[in-house]
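Structure record follows, encoded as structure tokens.
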Amino acid sequence: MTLPELESDLAALGEKKFRAGQLYDWLHVKRALSFAECSNLPKTLISRLGEEYEIRRASVKRKLESKLDGTIKYLFEFPDGERCETVMMSYRHGNSLCISTQVGCKMGCSFCASTKAGYVRDLLPSEMLLQIYESERDSGRKVESLVLMGIGEPLDNYDNVMRFLTLLSSEKGRNMSLRHVSLSTCGIVPRIRELAELGLGLTLSVSLHAPTDEKRSAIMPVNKRYGTAELIDACRYYFDRTGRRISFEFALISGVNDDAQTAKELIRLLKPVSPCHVNLIPVNEIREREYSRSGRVREFQKLLTDGGINATVRRTLGADINAACGQLRRENLAEN
């Protein structure tokens with residue numbers, strides 16, 4: 001619930017407006033686990049809250065911590081038994097958390113583990129917040145930046161994600177600037193345009209992975225609905241409306257999209273949205289596909305930079321714990 005909604009509910013219970021602010025602080029700043037902890041609230045209100053509301057939790061079903069770089073991968077379980085993955089990563093600039101927005105995914109990208117176990121349901125705003133709160137509580141680390149790049153397509157769960165961002169950035173709540181948030185999408189064009197109109201200040205990260213309709217449609221079914229030209233046009237619109245540089249994710253797959261011709265096609269495609277950034281990713285190998293990591297990552301990067309496109313290679317974190325999203329949930333489902 002937002003603070004105004006909480007104020008309205010408590011007013012209906014005959015409580016003064018400031019009580020909502022006190023409760024909101026207990027929920028989002030002090031992170032109370034029960035209403036009984038809310039020591040500055042009247043006992044009668046605490047009792048009534050316990051009867052009519054609940055403070056939800058997410059339990060740690062499984063936790064893996066990298067011995068290489070301290071990356072922590074969580075498998076969280078919600079009260080209905082569904083699970084999602086969350087990854088805590090440490091950088092020089094602070095801790096970044098990668099959260100999920102759905103249980104499973106509908107998009108069907110052929111190289112992605114998240115979609116293999118199928119789509120179950122959308123995550124609620126509270127369940128997205130809980131991934132932050134429970135990760136911070138368990139690890140003792142403060143999250144400085146957030147990436148909506150875990151299991152699920154954020155723009156396929158648009159209303160819940162927008163409500164989550166409202167709660168996340170609330171001055172009296174978690175109070176995280178949305179400039180520290182990156183939202184990753186496979187390219188749902190109408191939602192990108194809607195997001196541009198909101199002017200939230202977050203970074204838009206587009207999972208591109210191929211520069212032509214033929215190549216992209218072969219590995220990303222969403223391209224059959226929103227082609228590359230339509231996607232790039234929406235990205236240009238986003239940049240024009242927000243002034244925020246767009247990041248394009250590009251997973252390099254050996255023999256599929258790592259050749260010089262693909263690099264040339266990518267440069268030509270991205271010129272209209274320059275300045276932009278290309279994040280080159282060594283593809284995560286999964287059992288169901290024979291895709292393998294490209295050995296030409298640095299060569300591909302040089303081709304892009306020589307062509308005037310800013311390109312970096314994503315640092316691999318948590319390699320010893322399979323920190324790529326989707327793998328832990330699938331392993332857990334298989335075990336059960």
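The values are calculated or read from the model by the stated rules, or taken from the named source; none is laboratory data. Note that the structure is predicted; figures quoted are calculated from it, not measured. Don't worry about glycine lacking a Cβ; one is built from the backbone with ideal geometry, like all the others, and counts go over all protein chains shown.
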Discussion item. Give all pairs with beta carbons closer than 8 Å in which a residue from region 136-155 that is farther than 21 Å from residue 123 by Cα meets a residue that is at pLDDT below 95; count only pairs at least 6 apart in sequence or on separate chains.
Written reply: 141/90; 142/94; 144/93; 144/94
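Per-residue answers, yes or no, for (1) in contact (Cβ under 8 Å) with a residue 12 or more places away in the chain; (2) outside the structural domain of residue 107 (by TED's automatic domain parsing); (3) closer than 22 Å to residue 293 by Cβ; (4) not in a helix (DSSP H, G or I):
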residue	(1), (2), (3), (4)
183	yes, no, no, yes
205	yes, no, yes, yes
217	no, no, no, no
236	yes, no, no, no
245	yes, no, no, yes
262	yes, no, yes, no
Practice prompt. Tell me, yes or no, whether region 125-138 has at least one residue that is among the hydroxyl-bearing types (Ser, Thr, Tyr), within 17 Å of residue 152 (Cβ to Cβ), out of contact with any Lys or Arg (no Cβ under 9 Å at 6 or more places or on another chain) and assigned by TED's automatic domain parsing to the domain that holds residue 249.
Written response: no
Worksheet entry | Flag if residue 234 is out of contact with any strand residue (DSSP E or B) (no Cβ under 6 Å at 6 or more places or on another chain), within 15 Å of residue 273 (Cβ to Cβ) and among the small types (Gly, Ala, Ser) | yes
Fill in: residue 84 being at pLDDT below 95 and within 15 Å of the chain's Cα centre (by Cα)
no
Practice prompt. Identify, by number, the condition in (1) in contact with a strand residue (DSSP E or B) (Cβ under 7 Å, 6 or more places away or on another chain); (2) surrounded by fewer than 18 Cβ atoms within 10 Å (Cβ to Cβ); (3) at pLDDT 95 or above that residue 100 doesn't meet.
Written response: (2)
Discussion item. Let me spell it out: the conditions are (1) touching a helix residue (DSSP H, G or I) at 6+ places or on another chain (Cβ under 8 Å); (2) surrounded by fewer than 18 Cβ atoms within 10 Å (Cβ to Cβ), and residue 77 meets all of them except one. Which number is the exception?
Written reply: (1)
Discussion item. Can you pull out every residue in region 299-334 that is assigned to a helix (DSSP H, G or I) and either within 21 Å of the chain's Cα centre (by Cα) or at pLDDT below 60 (or both)?
Written reply: 319, 321, 327, 328, 329, 330, 331, 332, 333, 334
Worksheet item: Looking only at region 219-232, which residues are free of Cβ contacts under 8 Å to residues at least 40 places away in the same chain and of a type in the set (S, T, N, Q)?
Response: 223
Worksheet item: Hey, does region 46-57 have a residue that's in a strand (DSSP E or B) and modelled with pLDDT of 95 or more?
Response: no
Practice prompt. Under 6 Å between Cβ atoms, at least 6 apart or on separate chains: pull out the pairs that start in region 44-59 with a residue that is in the same structural domain as residue 34 (by TED's automatic domain parsing) and among the polar types (S, T, N, Q) and end on any residue that is surrounded by 12 or more Cβ atoms within 10 Å (Cβ to Cβ) and in a loop (DSSP other than H, G, I, E, B).
Written response: none
Discussion item. Pull out all pairs, ordered by first then second residue, where Cβ-Cβ is under 9 Å, the residues are six or more apart or on different chains, the first lies in region 96-109 and is assigned by TED's automatic domain parsing to the domain that holds residue 123 and β-branched (Val, Ile, Thr), and the second is at pLDDT below 95 and not in a loop (DSSP other than H, G, I, E, B).
Written reply: 103/329
Item to complete: Could you please find all residues in region 274-298 being at pLDDT 95 or above and either in a helix (DSSP H, G or I) or of a type in the set (Val, Ile, Thr) (or both)?
Response: 278
Response to the item:
Sole miss for residue 61 among (1) in a loop (DSSP other than H, G, I, E, B); (2) surrounded by 16 or more Cβ atoms within 10 Å (Cβ to Cβ) is condition (1)
Item to complete: Take region 166-202 and flag every residue that is surrounded by fewer than 20 Cβ atoms within 10 Å (Cβ to Cβ) and among the hydroxyl-bearing types (Ser, Thr, Tyr).
Response: 166, 169, 170, 177, 182
